[in-house]
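Nothing in this text is a laboratory measurement; each read-out follows from the coordinates by a stated rule. Predicted model only: the values in this text are computed from it and were never measured. Ideal geometry is used to build each Cβ from the backbone, glycine not excepted, and the neighbour counts take in all protein chains shown.
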Amino acid sequence: MLYIILISEKNFEGREFSDLMIRYITGRGEHPLSQYPDRTGISSGTLSFDQLYEMYATDVLRVSYYYLGNREMAEDVTQDVFVKLITNQPLLEEGKEKAWLLKVALNRCRDLWRSAWIKKVVLGHPGFEAFPAPDEIGKMADQYALAEAVNRLKPEFKEVILLFYYQGFSVTEIAGMLSIAEGTVSSRLSRAREKLQNELKGDVRQ
Amino acid sequence: MKKPEDLREVSDQVLHGLTADDSLKFRILQQAAEGKGKELRHGFHPLPVFCTAVAALLIAVLVLNSLKPVDPASPAEMNVFAAGADETAHPVDRQESISLSYVLNTVKPENVTSVASSGIGKTEKTDQCAALIRLLQEKAVITDSADPSAHESLTITFTDGTVCYIGAEEPFLIGDVCCSCPSFFSQLRQYVEKRE
């Protein structure tokens, strides 16, 4: 019962999914995802949609969240990216799936960032919300400071920091993903590091 | 103080509760399914289909119109073809012509503005025209003995612009029906000669 309540509350926006899930748990229906049995062969090497989603969707979601500072929009971006994966069925090289997903996500985030609506409505009220594990609450000021500082960076610095430090891509890979020169990536990384240090020192002084 | 190098670890802690769950996956699959439907609908272009339908309708109307049976009693739509008559003798607007049977049965004589025969001549005096129509209506005898090789034509014009274009081979008038009326021709000849 607790599980049902948690699902209902957690997915209050996806009402249909919650209802279907409750039916499934109470033995009155099939699993909500069972109506989409054919999710394999997304033309990404040997990985199916399910595998790609399990492996990379959270990374896409979190990078988008870092970029936009808004959970709903980050979920929308993640949704767009994976819908694009299904509908366009791009030919992805094995091992390059994550790069493709993050590249598409960053492009989408950039579009949203540039749009007047997000500047006025969302970014006019900045605030990076943490989603910590229950036992981590209260002992994560340092972590939050770093995450918030990354969120406050300008998009061009934020992109390279997230891809380099968070997602572990090399400078060459980042240059390819963002279609910029490697020197530009290195330069942005250096300046982003400097800005982060300044931000974090400022927080420490406060 | 944390450094950028700690970002992976920090993110796992700070954003621990921010995960892509089954609910989001469901949304994605649902939207992808709808998107595929939309893609199919994108293949449907309403304008060409609409234009094709309109064109087909127009063609159908034209074909049906051409197949429509001729109603001898409807003067405005009647085309009268004189069998063997010289149609160029008195060129008239075929679209506004009316039938011989209509002239014989329905036309008011005072509504005729001219009567012209390619062999005899033409009168435009309304009283003479009316007299000629009365003669036709009173004296003409419907017959099937008309000479199909008639080479004259008779044109009767009405006040509203409609025209009766029929073949003539004295004493016959040849249209949707054939009739014989020698007095019509002699009277018309008299009027024409008197005018000259």
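A compact table of results
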quantity: Label-to-label distance, nm, for residues given as A:S186 and B:K108 (7 Å Cα→Cβ offset); calculated: 10.6
quantity: Residue-wise HN-Hα coupling along region B:105-113, computed from phi with Karplus coefficients 6.51, -1.76, 1.60 (Hz; x: Gly, Pro); calculated: 10, 10, 4, 7, x, 6, 8, 9, 9
quantity: Over 25 Å (Cα to Cα) - which of A:K98/A:K201; A:K103/A:K201; A:K98/B:K25; A:K154/A:K201 fall in this group; calculated: A:K98/A:K201; A:K103/A:K201
quantity: Inter-probe distance in nm under a simple model that places probes 7 Å from Cα toward Cβ, at B:L57 and A:E72; calculated: 4.5
quantity: Spin-label model distance (nm) - A:E94 vs B:E193, 7 Å beyond Cα toward Cβ; calculated: 11.5
quantity: Long-range HN-HN contacts of B:A20 with modeled amide H, under 5 Å; calculated: A:T58
quantity: Positive-end residue of B:T159, B:P171, B:S99, charge dipole of region B:99-184 with Cβ unit charges; calculated: B:T159
quantity: Test item: A:56-66 mean partner chain Cβ contacts at 10 Å; calculated: 4
quantity: Exercise: per-residue mean of other protein chain Cβ atoms within 10 Å, A:143-150; calculated: 5
quantity: Amide H within-cut-off set for B:E169, under 5 Å, with H built and near neighbours excluded; calculated: B:I174
quantity: For A:F131, B:F158, order by how many other beta-carbon atoms lie within 10 Å, fewest first; calculated: A:F131, B:F158
